[in-house]
Amino acid sequence: MLVLHGTGVSSGIAIGKAYVLHRERPEVPEYILPESLIADEIARFLTAIDSARNQLERIRNEIPKSAPPEISSIIDTHLLILHDKMICETPVETMRTHRRNAEWALRTQSDELAAVFEQMDDPYLRSKKTDVGQVVDRILRNLLASTDEEHEQITDALDGQIVVANDLTPADIVLLKHTRIAAFVTNLGGPISHTAILARSLEIPAIVAVHNATRAIRSGEELIVDGKLGVLVVLPEPDIIAEYQSRQKDIIQLKRELDAIKASRSETRDGRTITLYANIELPDDVKAVTKVAAQGIGLYRTEFLFMNRPDLPDEEEQYRAYAKVVRAVPGKPVTIRTLDLGADKRADANTRPTDTVTVNPALGLRAVRLCLQDTSLFRPQLRAILRASALGQVRIMIPMLSSLGEMFRVLDLIEETKADLARQGQPYDEEVQVGGMIEVPAAAVSADLFAPHLDFFSIGTNDLIQYTLAIDRVDEAVNYLYDPLHPSVLRLISTTIRAGKAAGIPVAMCGEMAGDTRYTRLLMGLGLDEFSMHPSALLEVKRVVRDSDLVELERSAERVLRARDTVELHAIVDKMNEH
Ligand code: PEP
Ligand code: MG
């Protein structure tokens, strides 16, 4: 038995026989051609490109309608790359000037492109190198008239097997989709690689970046894939197989139970309603929100629209993005958080040279602080959000408030923006709600001072914990101190909930703690009745809600707040979670 580790990118457990795909990069010959043969060589190159286009189009036409849109969009990206001058024109010039064969000209060009991609800071753009490489390899295989078409011959024989490959192309995935394979394992790739994206959307367990998997494993060997933990067991002992089989059954059973409660109310056994919202980062994430029947969006992190690009989105582009989200969940609240740039979230277009010398970026010019300093960044966003408010139930949420002065300045800016829109005859919701994130300890301690001026609170535990416990949330060395159950954190949460209730405004939580079922009952007991979380966590939280008695939880939560040491505190929380 051998245990290998990689990056688990699509959760689930698969047990089955390995099917190892051996497909090396094509060997490329280099030869000089006489002038008279150059025209024929160029024609041969263009024919190979035509064939590649036909192949990709054929694959795209084979994609079943039910398949996730990511699949066809990746094939479309490959078609675009194929038509890019860098791929279909530059090698032709190289053939002419160097009088070399097509394969050599294409490989030379692709190596140069790879070097350019390699230097990019942005991991997303860097990952595009793989796409270019896959398109180039396809053209090369056509030029070389390779008989190594293993990838095009994948058949039903793979049913239930675990595919192990160096890397998989989108075309492989389309073909594999028909074959009901049990899991993927690849030597290469990362969490945002295509293998990962597609595996997640097809709900197939997958592990990437298992170095040497294709060398260590032989076709036909028994494997266990744990796609959540990234663990791959080769030739497992019978007792290990039995253990994983039982975990696999539990997962299937849990999935059935969660599907069954999708349409049910989020209500405790003693009849108290708990509102469950979803967090999103990009407009496309709303699909996942409707899939789990969330009651609205409790946190839309708008800064993602500003990241991974050289420029800033203008008012119009922002409006289109916000409008798309609002229209996708008609009749449901959409909480649009104003920009939370800074610290670990940077926009290339908004990064100044001085930023690099900031010693403590998490304590620096971030979120509302940055927006108030640079209103040319803030005003277009407020206009875009307010315009989108005419289309549905939009709520504005201000991140990282620490002083009342900041809150009043934002409220003034919102009023000014409304007045501008009214003068210009642009519609907006006059009653649009404005809430604040409570994620700085200063705001939690003085929540009673903020509450009368706001329509709602949302507790951001990711930052609240980092600032309360003085531990950088992106510093692995102090990760072990990150503790949502620290008495100071629980007191701040409780203070915030009480202040909100006293002022008659709703209090939600949108940090990771809200989506972690270990804390659901404790938070309900502390009086939290709105939770916002990643859509994938929502049904599990709903299950816990439906299986709880609130009155009982309130009593236990009081005891948690009074606990004199962590052992006692943990014991009470464990007991709350017991049944
Ligand atoms: C938080 O801090 O808990 C939060 C939800 O915001 P973010 O993670 O985007 O800082
Ligand atoms: Mg935060």
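The values are calculated or read from the model by the stated rules, or taken from the named source; none is laboratory data. Please read these numbers as outputs of a predicted model, since none were measured by experiment. Because the Cβ atoms are built from the backbone with ideal geometry, glycine has one as well, and the counts that use them run over all protein chains shown. Surface accessibility is based on the protein's heavy atoms, side chains included, excluding ligands, DNA and RNA. Shrake-Rupley method; radii C 1.70, N 1.55, O 1.52, S 1.80 Å.
With 18 Å as the cut-off, how large is the P(r) tail for region 445-573, expressed as percent of Cα-Cα pairs?
The answer is 55 percent, as a whole percent.
Tell me, what is the percent relative contact order of the chain, built from C-alpha pairs under 8 Å that lie six or more residues apart?
Reported relative contact order: 13 percent.
Quick one: length gained pulling M86 to T566 fully straight, 0.36 nm per residue minus the C-alpha distance?
So the chain would gain 166.6 nm between M86 and T566.
Which values of log₁₀ I(q)/I(0), to two decimal places, follow from the Debye formula for region 389-508 at q = 0.14, 0.18 Å⁻¹ with a uniform point scatterer at every Cα?
-0.64, -0.91
Let me know the charge dipole size of region 266-576 about its Cα centre in debye, to the nearest 20, where only the beta-carbon of Lys, Arg (+1) and Asp, Glu (-1) is charged.
In debye, rounded to 20, region 266-576 gives about 500.
Work out how much length R327 to L229 would gain on full extension: take 0.36 nm times their residue separation and subtract the Cα-Cα distance, in nm to one decimal.
Between R327 and L229, full extension yields an extra 31.6 nm.
Between E222 and M120, what's the calculated FRET efficiency when r is the beta-carbon distance and R0 is 51 Å? Round to 0.05. Write down the numbers at each step before the final one.
On the way: r = 41 Å, r/R0 = 0.80.
Given R0 = 51 Å and the Cβ-Cβ separation, E is 0.80.
With a 1.4 Å probe and all protein chains left in place, how much accessible area per residue does region 266-576 have, in Å²?
It amounts to 42 Å² per residue over region 266-576.
With labels modelled as points extended 7 Å from the Cα through the Cβ direction, what inter-label distance (nm, one decimal) is found for L481 paired with E243?
With each label point 7 Å from Cα toward Cβ, the separation is 3.4 nm.
For G511, enumerate residues with amide H under 5 Å from its amide H, sequence gap 5+ or separate chain, H modeled in the peptide plane.
So G511 has HN proximity to T461, N462.
Which residues in region 201-228 place their backbone N less than 16 Å from a point set 7 Å from the Cα of V3 along the Cα-to-Cβ direction?
223-228
Write down the Kirkwood hydrodynamic radius of region 266-576, to one decimal in angstroms, obtained as one divided by the mean of 1/r over all alpha carbon pairs.
About 19.9 Å, per the Kirkwood formula over Cα pairs.
7 Å from Cα along Cα→Cβ at both L33 and A419: what's the point-to-point distance in nm?
In this crude label model, L33 to A419 measures out at 7.1 nm.
Give a residue-ordered list of calculated ³J(HN,Hα) values for region 252-260 (Karplus: 6.51 cos²θ - 1.76 cosθ + 1.60, θ = phi - 60°; whole Hz; x for Gly, Pro).
The phi angles translate into 4, 4, 4, 4, 4, 5, 5, 4, 5 Hz.
What accessible area per residue, rounded to a whole number of Å², is obtained for region 35-145 using a probe radius of 1.4 Å?
Working: 5680 Å² over 111 residues.
About 51 Å² of surface per residue is accessible.
Restricting to DSSP H runs of at least four residues, report the calculated mean residue ellipticity at 222 nm for the chain, -39500 (n - 2.57) per run over all residues, nearest 500 deg cm²/dmol.
Calculated mean residue ellipticity at 222 nm is -15000 deg cm²/dmol.
Fully extended, how many nm does the chain gain between R518 and E578 (0.36 nm per residue separation, minus their Cα-Cα distance)?
Values: separation 60, 0.36 × 60 = 21.60 nm, distance 1.03 nm.
Roughly 20.6 nm would be gained on extension.
Once you have the alpha carbon radius of gyration of region 512-579, what is it after dividing by 2.2 N^0.38 Å, with N set to its residue count? Each step should come with its number before you reach the end.
On the way: Rg = 11.7 Å, N = 68, 2.2 N^0.38 = 10.9 Å.
That works out to 1.07 for region 512-579.
Does region 202-271 classify as rounded, prolate or oblate by the C-alpha gyration tensor (a ≥ b ≥ c root eigenvalues; a/c under 1.5 gives rounded; else a/b over b/c gives prolate, otherwise oblate)?
On the way: a/c = 3.74, a/b = 2.37, b/c = 1.58.
It is prolate, given that a/c is not under 1.5 and a/b is the larger ratio.
Provide the percentage of antiparallel DSSP beta bridges, counting only those with both residues in the chain; round to the nearest 5.
Antiparallel bridges make up about 35 percent of those DSSP assigns within the chain.
Given 25 °C and 0.890 mPa s, how large is the Stokes-Einstein diffusion coefficient of region 313-451 in µm²/s, with Rh as the Kirkwood radius over Cα pairs?
Calculated translational D: 155 µm²/s.
Taking the chain on its own, what percent of its Cα-Cα pair distances exceed 43 Å?
Details: 52504 of 167331 pairs.
Result: 31 percent of Cα pairs exceed 43 Å.
With a/c under 1.5 counting as rounded, go ahead and sort region 35-145 into rounded, prolate or oblate using the C-alpha gyration tensor (a ≥ b ≥ c being the square roots of the eigenvalues; past the cut-off, prolate if a/b is larger than b/c, else oblate).
oblate
If packing is taken as the mean number of other Cβ atoms within 10 Å per residue, what is the order of 543-552, 252-261, highest first? Intermediate values should be presented prior to the final figure.
Details: 543-552: 17.7, 252-261: 12.3.
Ranking the peptides 543-552, 252-261 by packing returns 543-552, 252-261.
Could you list which residues have their amide H under 5 Å from that of I280, counting only those 5 or more apart in sequence or on another chain, with H placed in the peptide plane?
Under 5 Å from the amide H of I280: L299, Y300, R301.
Listed highest first by mean packing, meaning other Cβ atoms within 10 Å per residue, what order do 417-427, 371-381 come in?
The densest-packed peptide leads the list: 371-381, 417-427.
Please state the shape class of region 199-328: rounded when a/c is under 1.5, otherwise prolate if a/b exceeds b/c and oblate if not, all from the C-alpha gyration tensor.
It comes out oblate by the Cα gyration axes.
Using a 1.4 Å probe on the protein heavy atoms, what percent of the accessible area of the chain belongs to carbon and sulfur? Write down the numbers at each step before the final one.
Values: 13840 of 26860 Å².
Using a 1.4 Å probe with all protein chains present, the chain comes out at 52 percent carbon and sulfur.
Could you run the Karplus curve 6.51 cos²θ - 1.76 cosθ + 1.60 with θ = phi - 60° over region 293-304 and give me ³J(HN,Hα) per residue in whole Hz, x for Gly and Pro?
So the J values, rounded to whole Hz, are 6, 5, 7, x, 10, x, 7, 10, 7, 5, 4, 5.
With a 10 Å radius around each residue's Cβ, average the other Cβ atoms per peptide and rank 395-408, 48-61, highest first.
395-408, 48-61
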